[in-house]
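Worksheet: the structure to be examined is printed underneath.
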Amino acid sequence: MSLQFSVIPKECCHFISATYSPKSFLISLRKHTCNSCNEKEIWICLHCLHIGCSRYCNGHAQKHSLKRGHPVVFNVQSMNFWCYECNSYVINNSLNVLFQLALEDHTSNFKFYQPLFETYDVKGVAKYIQKNHVKNIIALVGAGMSTTAGIPDFRSPGTGLYFNLQKYNLPYPEAVFDMNYFPSNPAPFYEVMKDMFPGQGKYFPTKCHRFLKLLNDKGILKMVYTQNIDGLESVAGIPNDKVICSHGTFRTSHCLSCHKKYPDTSVFIESIKKGEIIRCSCGGLVKPDIVFFNESLPDEFFESIKNKFDDCDMLLIIGTALVVYPFANLVDHVSINCPRVCINREKVGKMMCYDNLGRDVALLGGCDDIASDLAKYLEWELS
Ligand code: APR
């Protein structure tokens, strides 16, 4: 289809080619409000996908253009390109490619240009699940899902683990789990492990763990990617082949010197309970296979993320600050048509857009309470 313009656009030489993926361009097309003022009459900068409002609002698009030297913008409502250098509607071959991409998506995915949820709250999410027969849910979970089990998270001010390590005189809190620090001073880690080590009959699955188990019983849970090392997902009865321990596991260990593998870390349980440093028969340090900073995530994680997200039809993001990569990037592995539901005390995720007009929704509060409410609106029994 050729371009139908009310005015004849000029041939423009100020936009040569896109420096971003088609997926990033399409995600921008579905944004609804100006980055700076929430106005809805917006232009997309085709040089960096910044969203600015028109000069009939607060002129943030033109201000961005002048400040960054990005002259060409696109308006998805009118499907027109404007160049602040040419001071005219414009077109060229590269712009025409973007136009076709936008037209195709706008035509075949029109419903995703409208608000996805009737209401951007627990009830709206429950209704969406029922109305759209959601059946491939992926959950990305973090330490916030286990706090009501009695396990502190890491970054909650005051209660998070990283706020309570003063006695170890660490150079920085994360050092306790850092491969650049651990070999030279392993004692703090083994002290901390005394409380964290799972299977000591101290911690039990929370209501939110049981909600994920219920999703599995209903046949609509596809995968759980957990950053947690407490093992409570499998204690809750979620099948192990549906849980990816993205930040490793305490279950197994290995020696840092001779690389001997220990298939069952609990052989050291007496030393663990005393917070003692665990040594291999060769004298080297034995380290559980939890992922430290400056260590790679398990191969199983990278294998799994290659193809598990394509048919995900709802992403749940539960109890995580989404600040540790590459795990935090997973929110962008789902298709641009996949709703993303953040269940957390506060909004998280640089890549999320909580404008209550698109596919992202934040359900703020305690994850156990939200899980209970979701089950109630879905008319499910959650113990
Ligand atoms: N309900 C809802 N949200 C909660 C709850 C709760 N009961 N408790 C805590 N939270 C929220 C916090 O507000 C915070 O946003 O959960 C999030 C926990 O964030 P972090 O403490 O940073 O934990 P997490 O995101 O899992 O950390 C990721 O960092 O230190 C590394 O490897 C470690 O896996 C860990 C990673």
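No value in this document is a laboratory result; all are computed from the given coordinates. Since the model is a prediction, treat every value here as computed from it, not as a measurement. Methodologically, a virtual Cβ is constructed for each residue, glycine included, from the backbone with ideal geometry; neighbour enumeration extends over all protein chains shown.
Could you order the peptides 21-27, 327-333 from most to least packed, using the average number of other C-beta atoms within 10 Å per residue?
Result, highest mean first: 327-333, 21-27.
Please give the Cα centre distance for segment 90-162 versus segment 39-80, rounded to the nearest Å.
If you average the Cα positions of each part, the centres end up 24 Å apart.
Using a/c under 1.5 as the rounded threshold, could you call segment 177-230 rounded, prolate or oblate? The axes a ≥ b ≥ c are square roots of the C-alpha gyration tensor eigenvalues, and prolate needs a/b larger than b/c, oblate otherwise. Before the final figure, lay out each step's value.
Working: a/c = 5.52, a/b = 2.20, b/c = 2.51.
Oblate is the answer for segment 177-230, as a/c is 1.5 or above yet b/c matches or exceeds a/b.
What is the ratio of the Cα radius of gyration of the chain to 2.2 N^0.38 Å, with N the residue count, to two decimals?
Its radius of gyration relative to the 2.2 N^0.38 Å reference: 1.18.
Using only helices, what value at 222 nm comes out for the chain when you add -39,500 (n - 2.57) per DSSP H run of length 4 or more and divide by the total residues, to the nearest 500 deg cm²/dmol? Show your work: numbers first, answer last.
Values: 10 runs with 92 residues, N = 383.
Using -39500 (n - 2.57) per qualifying helix, the result is -7000 deg cm²/dmol.
Quickly rank 134-144, 41-51, 116-126 as a protection proxy: mean count of other C-beta atoms within 10 Å, highest first.
The peptides rank, most packed first, as 134-144, 41-51, 116-126.
Arrange the peptides 8-19, 222-233 so that the one whose residues have, on average, the most other Cβ atoms within 10 Å appears first. Mind dumping the intermediate values first?
Details: 8-19: 14.2, 222-233: 23.8.
Top to bottom by mean Cβ count within 10 Å: 222-233, 8-19.
Cα atoms only: what Rg and Dmax, in Å, come out for segment 126-203?
Cα radius of gyration and Dmax of segment 126-203 are 17.6, 56 Å respectively.
Based on the Cα coordinates of segment 10-113, what is the per residue volume of their convex hull in Å³?
Measuring per residue, one finds 89 Å³ for the Cα hull of segment 10-113.
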